[in-house]
Amino acid sequence: MNHPYPRRVRLAAAGIVLTLAAGGCGTASAGTDADATGDIAIDQQIHEMLPQTVRDRGGIRLATDPSYAPMESYAADGRTIIGFDADLAAGLGAVAGIRVELVPADFGSALTETAKGTYDGVLSSMTDTTAREKKADFIDYFSAGTAIVVQRGNPRGISDLKDLCGQVVAVERTTVQADLLRRAQPGCGDRPIIIRAFKTNADALLQLRTGRAVAIPNDYPPASHLATDAKTRTYYQLASTVQYEPGLLGLAVAKDNPELRDALHAALDVLIRSGRYTELLQRWGLTTGALPVALINAGG
């Protein structure tokens with residue numbers, strides 16, 4: 001997150017659903033609480049903004065790595081994707097009158113696969129950066145920085161990035177957190193951070209929980225969730241309340257798909273103006289990251 005800030009719904013009765021496409025295993029209904037926010041009316045003008053290919057197909061497929069609660073994670077059944085991003089996707093689909101699927105995917109290759117047409121976009125707490133804007137357009141919907149997560153009790157006494165020098169730190173690969181650690185290396189002199197990168201955030205967290213790493217950097221909302229949720233707080237805590245390099249999280253779509261970008265941007269604007277966006281943020285305890293307006297490519 002290397003750029004400062006500039007910077008379920010009850011679905012309408014037309015059969016709009018948010019589904020989880022488990023690779024090779026069919027689909028399963030997502031865990032959207034229908035009573036959480038009430039009905040959302042279809043905006044026909046926004047529906048008509050969607051690319052004809054999307055309307056003909058009847059759905060939008062968004063890649064996600066469901067290992068990042070409360071933004072996106074698996075429910076207890078191990079199949080259903082829940083979280084703010086899942087609810088946001090459902091809301092966007094309800095406004096646009098289109099079925100939305102969150103498809104479990106490799107975070108590191110999600111933008112490349114979107115450019116190839118495997119997915120219509122990426123909704124996975126992805127930070128909008130200059131480098132990523134070369135590969136995709138971003139509809140920015142949230143603001144957050146990076147926090148350092150350590151073992152409960154903080155046995156190594158870590159309170160700042162400099163305390164990671166000479167230590168093993170786990171991180172999800174291709175994330176801005178991995179970039180943050182690399183940028184911190186010059187300040188470590190002859191005691192560089194030993195960075196171990198993993199395919200998913202869950203894999204990296206396992207390293208911390210089992211003592212094979214002393215810390216893991218996460219976006220602040222998931223980091224705070226780990227430190228406070230009843231299921232994880234006995235294992236993790238925040239090293240401090242500092243948020244490093246605050247930036248914008250965005251829904252990414254292919255550069256050659258401006259119709260979809262503009263339709264989803266318009267749908268997000270409706271959710272924000274209607275107050276539904278705020279309700280979803282409140283539902284997941286994320287109001288500090290709210291944006292006042294929907295933005296496009298504002299993080300680069």
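The values are calculated or read from the model by the stated rules, or taken from the named source; none is laboratory data. Here the structure is a predicted model, which is why all the values come from computation and not from measurement. As a convention, Cβ positions derive from the backbone with ideal geometry for all residues, glycine included, and neighbour counts pool all protein chains shown.
Brief remarks follow.
- Residues satisfying the stated conditions in segment 89-108, i.e. in a helix (DSSP H, G or I) and closer than 22 Å to A204 by Cβ: F107, G108
- Test: residue in segment 38-59 that is at pLDDT below 95, within 18 Å of the chain's Cα centre (by Cα) and charged (D, E, K, R): no
- Selection within segment 155-169 - surrounded by fewer than 22 Cβ atoms within 10 Å (Cβ to Cβ) and touching a strand residue (DSSP E or B) at 6+ places or on another chain (Cβ under 6 Å): I158, V168
- Test: residue in segment 169-176 that is polar (S, T, N, Q), more than 22 Å from the chain's Cα centre (by Cα) and not assigned by TED's automatic domain parsing to the domain that holds T112: no
- A263 vs. criteria assigned to a helix (DSSP H, G or I), aliphatic (A, V, I, L, M) and surrounded by 14 or more Cβ atoms within 10 Å (Cβ to Cβ): yes
- The residue list R273, R233 contains one member that is in the same structural domain as A110 (by TED's automatic domain parsing) and of a type outside the set (A, V, I, L, M, F, W, C), which is R273.
- Test: residue in segment 66-73 that is within 27 Å of D128 (Cβ to Cβ), at pLDDT below 50 and surrounded by 13 or more Cβ atoms within 10 Å (Cβ to Cβ): no
- Test: R79 is among the charged types (D, E, K, R), part of a loop (DSSP other than H, G, I, E, B) and either surrounded by 17 or more Cβ atoms within 10 Å (Cβ to Cβ) or in contact with a Pro (Cβ under 9 Å, 6 or more places away or on another chain) (or both): yes
A quick yes/no check of all residues on (1) part of a strand (DSSP E or B); (2) at pLDDT below 95; (3) more than 14 Å from A252 (Cβ to Cβ):
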{"position": "A110", "(1), (2), (3)": "no, no, no"}
{"position": "Y119", "(1), (2), (3)": "no, no, no"}
{"position": "S124", "(1), (2), (3)": "yes, no, no"}
{"position": "F138", "(1), (2), (3)": "yes, no, no"}
{"position": "A144", "(1), (2), (3)": "yes, no, yes"}
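- The single residue among V149, V122 that is hydrophobic (A, V, I, L, M, F, W, C), in contact with a Pro (Cβ under 8 Å, 6 or more places away or on another chain) and surrounded by 22 or more Cβ atoms within 10 Å (Cβ to Cβ) turns out to be V149.
- Looking at A86, A63, just one residue is part of a helix (DSSP H, G or I) and either closer than 21 Å to A144 by Cα or touching a Pro at 6+ places or on another chain (Cβ under 9 Å) (or both), and that residue is A86.
- Note on segment 193-218: among residues that are among the small types (G, A, S) and assigned to a helix (DSSP H, G or I), the one that is surrounded by the most Cβ atoms within 10 Å (Cβ to Cβ) is A204.
- The C-beta contact set for segment 231-245 (first residue within 18 Å of V214 (Cβ to Cβ), second residue surrounded by 16 or more Cβ atoms within 10 Å (Cβ to Cβ) and of a type in the set (D, E), distance under 8 angstrom, 6+ apart or interchain) comprises A239/D163.
- Sole exception among (1) surrounded by fewer than 23 Cβ atoms within 10 Å (Cβ to Cβ); (2) assigned by TED's automatic domain parsing to the domain that holds E72 for I139, by number: (1)
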